[in-house]
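Take a look at the structure below.
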Amino acid sequence: MNRSLQRRLRVFSGLVVLLALLLTARLAWLQIYNFEYYRASAEDNRQRQLPIAAPRGEIFAADGELLAANRPGFAVSLLDFDVRDGETISYLAELLAMDEEYIRERVRGERFRSFAPIQIAGNVSPEVVAKLEERRLDLPGVIIETQLVREYVHGSLAAHVLGYVGPISRRQIEEMQAQGIFYRGTDAIGQAGVEFVWEQTLRGQEGTLLVEKNRFGRRTRVLAKEDPVPGNSIYLTLDARLQEIAEQALREVIENLVESGNTQAGRGSVVIIDPRSGAIRAMVSYPAYDPNTLAQNFKELAADRRNQPLRNKTIQDFHPVGSTFKMLPGIAALEEGLINEQSRVTCRGVATFFNGRQTSRCLKVHGALSIIPAIAQSCNIFFYEMGYRLGIDRLTSYAESFGFGSPTGLNDLSGEAAGSLNGRARLDFMPGNLMGASIGQGHEITALQMANFAAMLANGGTHFRPYLVQTAKNHLGELIFNAKPEVIRQLEYSEKNWDIIRQGMKNVTDFGGTAPSMRQLPVKVAGKTGTVEVSSLRYSHSTFVGYAPAEAPELAFYVIVENSLHRPGSSAVPVISQIIREYYSPASAAEQQ
Amino acid sequence: MFDRRLVRSFDFPLLLSVFAIVLLSLLIISSATMDSLAGDPFFVKRQVIWFLISFAALLVVINIDYTQFYRVTHYLYGLNLLLLLAVFFLGREGGGAQRWIDLGFFNLQPSEFAKLFIIISLARHLAAREGNFASIFSVIPTFLHVSLPMGMIFLQPNLGTALVFIAIMFGMLFMAGAKARHLLLYVVGSLVVGLPLLWQVLKDYQRMRLISFINPERDALSGAFQQIQSVIAVGSGGVWGKGLFAEGTQSSLSFTPEPHTDFIFSVLAEQIGFAGSVVLILLYVFLLSRVIRIAAQAKDTFGTLICSGVASMLLFQVFINIGITIGVMPVTGLPLPFMSYGGSALLMNMMSIGLVLNVGMRRHRLMF
């Protein structure tokens, strides 16, 4: 063998060794030096963390009636990793009747959050699900997830109290993030009512499923699982039966008004609270809406500016309350010693005040009468006189003592209005305003404030904080919250004076009172009728405030039927009559047992 | 059947190293494919059959004195061209290229056998020119000899195999005595002139592969996806690997592309780690050292050059293929000799080893 060939073979062998060393060095670099990095990359590759939604806590009425529950529904989601071609998205858009650009936007917006599926549509119909399943192989990356959908078992019952859940907005996510609470863009969140205020209690804690997936995004194994913690259940103070009775009573009266040709009627409120605790037993805002179909009907409901079905009128709307206010100047005058039980004022149907500069009228000529018949017969002149003797400052001060002019303190719903008093605080206040203020005109008072007023008259001046959530229980059934009655204010008036006012209110519902029809109810009702003039309209609001049973009050209430015709005969009285009749009827109560 | 002297000269270590690699191959192929086929050993079975056929072919090859081939190289060259031409008319499309002829029971890949044919014909071509490499132009006839079959393969298009031809040619030229500096000049020159030209000729998918090799992060989902996933698989194997048939590996979850063919090394490196990879590389180094040894001992230049050609071919394929899977070479479709699943390649590689063994067996000049 020649030397040249030997040399060349040695060069070739050297090349073999060199290349082998090169490969080995690179392998050592990858497999030893950078092992951790590539191990993590491989884990990233194969693992996907999937959130497991926690069932939202249920909402019950005080009597255990289930009001808000969860039912399984379908959601269509995308795994961004796999969905790159526009065809899948256009097909989805067509099938779901959604905007293609919206889906793309959604995918873009969620891309960086995690490898979690991006929800495109929730609560999808079974027909759509079937169609997607048929084309499953053509639609890689499209997954159908089962998802719990909020269901309001009794439809519109207590809709304004319960509120509703809806898709979270970007702004809400940021707000929650600022509080250190994490939400996904696909989460639903309480948007109104107790669902909104008690969101964090109801929400529950998301679980995690760590799954292994292959390159096509298909799940191959479950690696680890952290179970979600279901949200806490809430028991409301609402009495489902009473709520239903009250809703029906108000609805029937208003529907009758509308049917009889009243084009202005269509709104009303009822609030019933327990004067012994402040627990709200019924809260009705008419008209209501069905939270189950809210998403579909939202535009229409929001557009109804006249009846505002989405608005909780019991705490957000305020009105003058008319004669239902009259107990206030009455008890103030008694407390101030300006009158006693026997003190009489003579009603001639008209009276002048401020040295003749102010003339005020009564609906009737009542003659000489003391405070009890004055309440029973709703004599304007008597209470004008009381207001005149008190003066605006003392009248305002007493009104404030009963919680008017500021929120009653209900924390379980958001947006309770304060209202305002017809007094010196008003920029356009004039001395003559005193006369209207004395008989409830010109004030801005919510239905809840009036119910609280009734409760304070019934319980002798205790202002309990009104509340809607009685207890909350975690998923194990352990009590985690229990509301205790909270006294916000206690008025120290003489018991005798309370009794005088209560006697007047009892006489309202008897012969000679303004609501004699109510004497036939199964329990004695103490109350006061009211009619609120609505400026420049032929219509007026019909109101009723009171409590029952008169001797041992359990329910304190206020009813307002807006824009009932200005005519003799109250629309509020039939409402409260029907409520009391049904609630206390032996048959109905027995059925409940 | 054999002359005793022939048996004594038979290089058993070379054959054993080939067996060892094939055995490893069967293990990795089964590990890489069993999962996706839910336990069906389809690929392993086929590869075993192919191995038996190939081994039979090897036995046939070593039975024919290689010097007999010297006389028929012209016919072999012609047959080679015919087969490559046939691909254009009878070929089947695969992966954007026409490479196979469907023979019913298997797909013949003439470009694989073309490597063997060119080694033999080039060995004669260069043996005849031994010692005539003083001029820089002396290698031009060799270029022409190779460029005809290579050009046809390039046009299939099959860039990987065409490059193997260049490696074979330069390796054999060097061994035949061509001056290293001349060869280097040609390599540099052709790179300068050839690359822009090559760019024009390349198909889109080939360009994408080159681009993605230079900048893999550019589009992690198409071109470079394979290579990135392969590198992740290799790196995540660590020193000892995740184990054969392990769950949750890159290959069992389909992240590793072509896990039983072009990227089989990636599977091996992931499952039996750095240790296993080094064992395989050492097996190849050993195999090549035996081939070089036989080249050195051959009784004539023809034999030496045949062995050099086979060694060049194997070295190039091993280095490029492993280089691709560990991210130091751009992706070109090249199987890993004796490891990748595939009948034509295994058959051809076994036959080329047979040829080398043949040369080794007959290294002693006849004594009578």
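Any residue in the stretch B:235-242 that is buried (at least 24 other Cβ atoms within 10 Å of the Cβ), of a type in the set (Val, Ile, Thr) and facing chain A (nearest Cβ under 7 Å)? There is no residue in the stretch B:235-242 that is buried (at least 24 other Cβ atoms within 10 Å of the Cβ), of a type in the set (Val, Ile, Thr) and facing chain A (nearest Cβ under 7 Å). Taken together, A:Thr396, A:Thr408 contain a single residue that is surrounded by 15 or more Cβ atoms within 10 Å (Cβ to Cβ), under 33 Å from the mean Cα position of the chain (by Cα), β-branched (Val, Ile, Thr) and part of a loop (DSSP other than H, G, I, E, B), which is A:Thr408.
So is B:Met351 away from every other protein chain (no Cβ under 12 Å), within 24 Å of B:Thr261 (Cβ to Cβ), over 10 Å from the mean Cα position of the chain (by Cα) and surrounded by fewer than 24 Cβ atoms within 10 Å (Cβ to Cβ) or not? When the stated conditions are applied, B:Met351 passes them.
Would you call B:Phe165 more than 14 Å from chain A (Cβ to nearest Cβ) and in contact (Cβ under 8 Å) with a residue 40 or more places away in the chain? So B:Phe165 passes the test.
Here's the yes/no breakdown for (1) surrounded by fewer than 19 Cβ atoms within 10 Å (Cβ to Cβ); (2) of a type in the set (Val, Ile, Thr); (3) part of a loop (DSSP other than H, G, I, E, B); (4) in contact with an Asp or Glu (Cβ under 7 Å, 6 or more places away or on another chain):
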{"position": "A:Ile280", "(1), (2), (3), (4)": "no, yes, no, no"}
{"position": "A:Ala302", "(1), (2), (3), (4)": "yes, no, no, no"}
{"position": "A:Ile315", "(1), (2), (3), (4)": "no, yes, no, yes"}
{"position": "A:Leu328", "(1), (2), (3), (4)": "no, no, no, no"}
{"position": "A:Ile331", "(1), (2), (3), (4)": "no, yes, no, no"}
{"position": "A:Ser343", "(1), (2), (3), (4)": "yes, no, yes, no"}
{"position": "A:Thr359", "(1), (2), (3), (4)": "yes, yes, no, no"}
{"position": "A:Leu363", "(1), (2), (3), (4)": "yes, no, yes, no"}
{"position": "A:Ala368", "(1), (2), (3), (4)": "yes, no, no, no"}
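Taking the conditions (1) surrounded by 24 or more Cβ atoms within 10 Å (Cβ to Cβ); (2) more than 25 Å from B:Ala298 (Cα to Cα) in turn, B:Ile140 satisfies each one other than (1).
With respect to being crowded, with 20+ Cβ neighbours inside 10 Å, part of a helix (DSSP H, G or I), within 14 Å of another protein chain (Cβ to nearest Cβ) and within 17 Å of the chain's Cα centre (by Cα), B:Phe274 falls outside the description. Given the condition in a helix (DSSP H, G or I) and buried (at least 21 other Cβ atoms within 10 Å of the Cβ), answer yes or no: does some residue in the stretch A:531-554 qualify? Checking the stretch A:531-554: not a single residue is in a helix (DSSP H, G or I) and buried (at least 21 other Cβ atoms within 10 Å of the Cβ).
Scanning the stretch A:456-490 for residues that are farther than 30 Å from A:Gln205 by Cα and part of a strand (DSSP E or B) yields A:Thr462, A:His463, A:Phe464, A:Val487, A:Ile488, A:Arg489, A:Gln490. Residues that are away from chain A (no Cβ under 12 Å) and either more than 24 Å from B:Phe174 (Cβ to Cβ) or surrounded by fewer than 22 Cβ atoms within 10 Å (Cβ to Cβ) (or both) occur in the stretch B:246-259; there is at least one. Here B:Leu280, B:Leu287, B:Leu305 are screened, and the one residue that is in contact with a Ser or Thr (Cβ under 7 Å, 6 or more places away or on another chain), among the hydrophobic types (A, V, I, L, M, F, W, C) and part of a helix (DSSP H, G or I) is B:Leu287. Is it the case, given these coordinates, that B:Leu197 is more than 14 Å from every other protein chain (Cβ to nearest Cβ), modelled with pLDDT of 75 or more and surrounded by fewer than 17 Cβ atoms within 10 Å (Cβ to Cβ)? Against the criterion (more than 14 Å from every other protein chain (Cβ to nearest Cβ), modelled with pLDDT of 75 or more and surrounded by fewer than 17 Cβ atoms within 10 Å (Cβ to Cβ)), B:Leu197 qualifies. Considering (1) over 26 Å from A:Arg10 (Cα atoms); (2) in contact with a Leu (Cβ under 7 Å, 6 or more places away or on another chain); (3) buried (at least 18 other Cβ atoms within 10 Å of the Cβ), the lone condition that B:Leu148 does not fulfil carries the number (3). Among the conditions (1) part of a loop (DSSP other than H, G, I, E, B); (2) of a type outside the set (Val, Ile, Thr); (3) more than 18 Å from A:Thr24 (Cα to Cα); (4) touching a helix residue (DSSP H, G or I) at 6+ places or on another chain (Cβ under 7 Å), B:Ala295 misses just one, which is (1). Taken over the stretch B:246-281, the criterion of being in contact with a helix residue (DSSP H, G or I) (Cβ under 7 Å, 6 or more places away or on another chain) and aliphatic (A, V, I, L, M) is satisfied by B:Ala246, B:Leu253, B:Ile264, B:Val267, B:Leu268, B:Ala269, B:Val278, B:Leu280, B:Ile281.
Quick check on A:Leu238: is it closer than 28 Å to A:Glu562 by Cα, more than 14 Å from every other protein chain (Cβ to nearest Cβ) and more than 18 Å from the chain's Cα centre (by Cα)? Working first, answer last.
Numbers: closer than 28 Å to A:Glu562 by Cα: yes; more than 14 Å from every other protein chain (Cβ to nearest Cβ): yes; more than 18 Å from the chain's Cα centre (by Cα): no.
For A:Leu238, the condition - closer than 28 Å to A:Glu562 by Cα, more than 14 Å from every other protein chain (Cβ to nearest Cβ) and more than 18 Å from the chain's Cα centre (by Cα) - is not met.
The condition of being at pLDDT 90 or above and touching a Ser or Thr at 6+ places or on another chain (Cβ under 6 Å) holds for only one of A:Ser277, A:Ser285, that being A:Ser285. The residue pairs whose first member lies in the stretch A:27-50 and is facing chain B (nearest Cβ under 7 Å), whose second member is modelled with pLDDT under 85, and whose beta carbons are closer than 6 Å, counting only pairs six or more residues apart or on different chains, are A:Ala42/B:Gln250; A:Asn45/B:Phe255; A:Arg46/A:Glu212; A:Arg46/B:Gly248; A:Arg46/B:Leu253.
Among the residues of the stretch B:285-292, is there at least one that is touching an Asp or Glu at 6+ places or on another chain (Cβ under 8 Å), at pLDDT 95 or above and within 14 Å of chain A (Cβ to nearest Cβ)? Yes: the stretch B:285-292 contains one or more residues that are touching an Asp or Glu at 6+ places or on another chain (Cβ under 8 Å), at pLDDT 95 or above and within 14 Å of chain A (Cβ to nearest Cβ).
The values are calculated or read from the model by the stated rules, or taken from the named source; none is laboratory data. Keep in mind the model is a prediction, meaning the values are calculated, not measured. All Cβ positions, even for glycine, are placed from backbone atoms using ideal geometry, and neighbour counts span all protein chains on display.
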